[in-house]
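Input: a single structure, listed below in C-alpha cells.
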Amino acid sequence: MSLRVRDIAPGDTGAILALNLESEAVLSPMDAARYAHLLAQSAYGRVLEEGGIVVAFLLAFREGADYDSVNYRWFDGRYDAFLYVDRVVVAASHQGRGLGARLYGGLFAFARAAGVPNVTCEFDIDPPNEASRRFHSRYGFTEVGTQDLPGGKRVSMQRAPA
C-alpha cells in the first residue's frame, strides 16, 4: 500500500487520540480537549497514512506557543528560535518501517524553509527509551541538558541543527 504524508485534518482526531493512547507509556496523556488546544498552538502537524488510515503523526511547536509542557517551556526559556517536537507516534503495527524517519524528513525541511535554526525534543533517560535515543542520534540530536519530571521520570533535552 502507498504511504502518504499530509497535514493533519479535522477527521484525524480519533486516529491521533488512539495512536497517542497506544504510546502513552512514553508520552503525556492527551484527551480530545487537550489535543484541540495543542493542534491550535502547533506550528507543524502531519500524519502519515497508509491506504487512507492514519498510522503515524507528528506535532511540533515554535517558540512562544501557549503550551504548558515543562519540557517545551525549558526550551522556550533558552532558545530564541526553535521547533519543538512534542510527539511523534507510529502505530505499533507499523514500527520499524521508517515512518518516523519519513515524518522527520518533512519536519527538518519545514524548519530549514522557515529559517528555524534549532529542532528540539526530549526523551526519557530514566527509565531509558533506548529506541528514541538511537532514532534521534541519527538526526544529529545532542544533549543540551536534563530535567527531572514529576512522577520520577528524567529526560534528556536534545537539540539538532535544522
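Test of understanding: in a Gaussian network model of the chain with alpha carbons linked when under 10 Å, which of LEU38, LEU21, LEU99 would top the mean-square fluctuation ranking?
Result: LEU21 has the largest fluctuation of those listed.
Each residue of the range 151-157 in turn: what ³J(HN,Hα) in whole Hz from Karplus with 6.51, -1.76, 1.60 and θ = phi - 60°, glycine and Pro shown as x?
Couplings: x, x, 6, 10, 10, 9, 8 Hz.
Select one label from (1) 22, 18, 17; (2) 41, 15, 12; (3) 32, 18, 14: the one whose number is semi-axes √(5λ) of the Cα gyration tensor in Å as derived from the coordinates shown.
Given (1) 22, 18, 17; (2) 41, 15, 12; (3) 32, 18, 14, the structure-derived one carries the label (1).
Listing ILE53, ILE16 from the residue with the fewest other Cβ atoms within 10 Å to the one with the most, what is the order?
Taking fewest neighbouring Cβ atoms as first place, the list is ILE53, ILE16.
Using the Karplus curve 6.51 cos²θ - 1.76 cosθ + 1.60 with θ = phi - 60°, what ³J(HN,Hα) values do you get for each residue of the range 89-96, in whole Hz, with x for Gly and Pro?
With coefficients 6.51, -1.76 and 1.60, one gets 10, 10, 3, 3, 5, 10, 6, x Hz.
Which residues' amide hydrogens lie under 5 Å from the amide hydrogen of THR146, considering only partners 5 or more residues apart or on another chain, with H built in the peptide plane?
MET157
Order of PHE108, PHE57 from fewest to most other C-beta atoms within 10 Å?
PHE108, PHE57
From the phi of every residue in the range 35-44, what ³J(HN,Hα) in whole Hz does the Karplus formula 6.51 cos²θ - 1.76 cosθ + 1.60 yield, where θ is phi - 60° and glycine or proline is x?
With the stated coefficients, the range 35-44 comes to 4, 4, 5, 4, 4, 5, 8, 6, 9, 8 Hz.
In a shell of Cβ-Cβ distance under 14 Å around ASN20, excluding ASN20 itself, what net charge do Lys and Arg (+1) and Asp and Glu (-1) give?
Local net charge: -3.
Based only on other Cβ atoms within 10 Å, what is the fewest-to-most ordering of ASP76, ASP31?
By the 10 Å Cβ count, ascending, the order reads ASP31, ASP76.
Which of ALA32, ALA111, ALA91 ends up with the largest GNM mean-square fluctuation for the chain, with Cα atoms connected below 10 Å?
Looking only at ALA32, ALA111, ALA91, the biggest GNM fluctuation is shown by ALA32.
A short reminder: the numbers here are calculations on the coordinates, not readings from a lab. This one's a predicted model, so the numbers in the text were calculated from it and none came from an experiment. Using ideal geometry, Cβ is built from the backbone for each residue, glycine included, and neighbour counts are taken over all protein chains shown.
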